[in-house]
Structures are given as C-alpha cells and as structure tokens.
Amino acid sequence: MSFTVQYVAYLREAAGRSVETRDARAATAAELYDEVAAAHGFRWSRAAMSVAVNGRVQPWTVRLQPGDEILFLPPASGG
Amino acid sequence: MTLFALSPDPLDGPALHRRLHSLTDGAVVVFEGVVRNHHNHQAVTALAYEGVEALAAETFAAIEQEAIAQFGLSQVIAIHRVGQVPAGEPAVWVGVASPHRDAAFAGCRYVIDELKQRLPIWKKELYEDGHARWVNEA
C-alpha cells in the first residue's frame, strides 16, 4: 500500500524530509512506524509518541488504508 | 471573544491584555512564558518551535472549552509562538478574564498546564556555542 508520511521535529531532521510517499507492507500505524524507523535509522521508541491518521489522533493499532496520511507525533515540548 | 492560535510573529502582550478588559469582569490573570537565556548551565540564545497547525487548532479548542466549562471564564486568550524566539521574548501568552479572581487564577493555570502537555509543538534549544538540542525527545 502507498501512504503519505509526514515528519516533524527530530524525525524530520533524521529523515531529511518533511513528507514522503511510501510503499509499505504495514497494516497498522505501529508497523508503518517500525518500517520507516528502520529505513531512516530513527533511534526513538514509538512508546512515547502518538500518531495521527488523516488529521486525527488514533491508537497505534489503527489499520491503515491505501492513501492514508500519517503523521508521527513526538512527545510535546511546548511552553 | 476568544483567541487561540500559533503565531509566527512576536506577541504583543499589552495589546492582548487590553482585549481581556471588560466592565463585567473583575479579574484578569495573565501568564507569559518567557525564553530563558540558560538551561543546565548552558547559555541559550533562542528556542526554535515547530507545530502542526491543524492539530493545534483542535487542541486549543478542546482546552478552551474545558477551561470555560470548569472555571466559568468569560474570556480566554492563548497564543504560542512558532519559529525562532530569542531569549527574553515570550514564547507563550495566556490570559483569562472572569468576574472573580479565584476562577481567573485557577483557569489561567489550567490553560497553560494543559497547553504544555497537549499542544502538538516541539522546541529545540539553540546554544551560544552554536550547537542545538531538541527538548524532551522520545
């Protein structure tokens, strides 16, 4: 399946891009993170992160559909 | 009147403050979060913030509704900077108004605490010696 994957903060810096279209075998958001983490060498665990699919925060177990837009959200550090 | 937003531009505290004043509210409480020039014994020149606008708008709206419902606030303003904010400038500005001070103090505290926890925004510390570090990495 093909997905649009967006990166912010240190994920963006590590991936070297803020968005990419990616063909992946992942069925869930968690599997997709693991795939892109391996591809880009992310050293961060998703345990402390959350994920948004098509603009809505979802559990990591959410099943992905072709064309979904996925945004990985590191722990917030505003203020 | 409510105003919740991410702002790429410097925050005009006095102008925001004036918007909170009304004849029916006896209490106005403002919190400004200002960029410090030091962290862990290192000289900090600025913080660089990035946020996700659409998700932030939802988070702002939820916190605003909670604050109004729980504390009976008449007005709430909360603005968080994005982009580079030099030491000494405010990065976040929260102001609330209500008829009485107890609700205003508690409501202002609630809004800033929730924003820090929930707003999809990330900061990087920029140090005087040229290196930089993301805060609160996963």
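Take every residue in peptide A:9-22, count the Cβ atoms of other chains within 10 Å of its Cβ, and give the average of those counts.
What the average comes to for A:9-22 is 2.
Which of the chymotrypsin sites (Phe, Trp or Tyr not before Pro) found in region B:96-138 are in a DSSP loop and have at most 10 neighbouring Cβ atoms, other than their own, within 10 Å?
Answer in residue order: no site qualifies.
By how many nm would the segment from B:Gln42 to B:Gln70 grow when fully extended, if each residue of separation counts as 0.36 nm and the alpha-carbon distance is taken off?
Values: separation 28, 0.36 × 28 = 10.08 nm, distance 3.96 nm.
Going from the current span to full extension adds 6.1 nm.
How would chain B be classified by its alpha-carbon gyration tensor: rounded, prolate or oblate, with rounded meaning a/c under 1.5 and the a/b versus b/c comparison settling the rest? Kindly include the intermediate steps, with their values, before the conclusion.
Numbers: a/c = 2.27, a/b = 1.83, b/c = 1.24.
Cα axes put chain B in the prolate bin.
Mean-square fluctuation check for chain B, GNM, Cα pairs under 10 Å: which of B:Thr59, B:Thr24, B:Thr45 is largest?
Highest fluctuation of the listed residues: B:Thr24.
Compute the distance from the alpha-carbon center of region B:64-138 to that of region B:1-48, in whole Å.
One Cα centre to the other: 8 Å.
Sort region A:2-73 into rounded, prolate or oblate with this rule: let a ≥ b ≥ c be the square roots of the eigenvalues of the Cα gyration tensor; rounded if a/c is under 1.5, and if a/c is not under 1.5, prolate when a/b is larger than b/c, oblate otherwise. Numbers along the way, then the final one.
Numbers: a/c = 1.39, a/b = 1.24, b/c = 1.13.
Verdict is rounded for region A:2-73.
Per residue of the protein assembly as shown, what 222 nm ellipticity follows from adding -39500 (n - 2.57) for every DSSP H run with n ≥ 4, rounded to the nearest 500?
Working: 5 runs with 64 residues, N = 217.
Counting only the DSSP helices, I get -9500 deg cm²/dmol.
Report the FRET efficiency, 1/(1 + (r/R0)^6), for A:Glu13 and B:Ser22, where r is their Cβ-Cβ distance and R0 is 30 Å, rounded to 0.05.
Details: r = 45 Å, r/R0 = 1.50.
In this case the efficiency is close to 0.10.
Pull out a ≥ b ≥ c, the square roots of the eigenvalues of the alpha-carbon gyration tensor of the protein assembly as shown, then state rounded if a/c is under 1.5, prolate if not and a/b is larger than b/c, and oblate in the remaining case.
On the way: a/c = 2.76, a/b = 1.58, b/c = 1.75.
It comes out oblate by the Cα gyration axes.
Counting alpha carbon pairs within less than 8 Å and at least 6 residues apart, what relative contact order, in whole percent, applies to chain A? If you can, show how the numbers build up before the last one.
Values: 127 pairs, mean separation 29.3, N = 79.
Dividing the mean separation by the residue count of chain A yields 37 percent.
Each value in this text was obtained by applying a stated rule to the coordinates, not by laboratory testing. Quantities reported herein were computed from a predicted structural model and do not represent experimental measurements. Glycine gets a Cβ as well: all are built from the backbone with ideal geometry, and neighbour counts include every protein chain shown.
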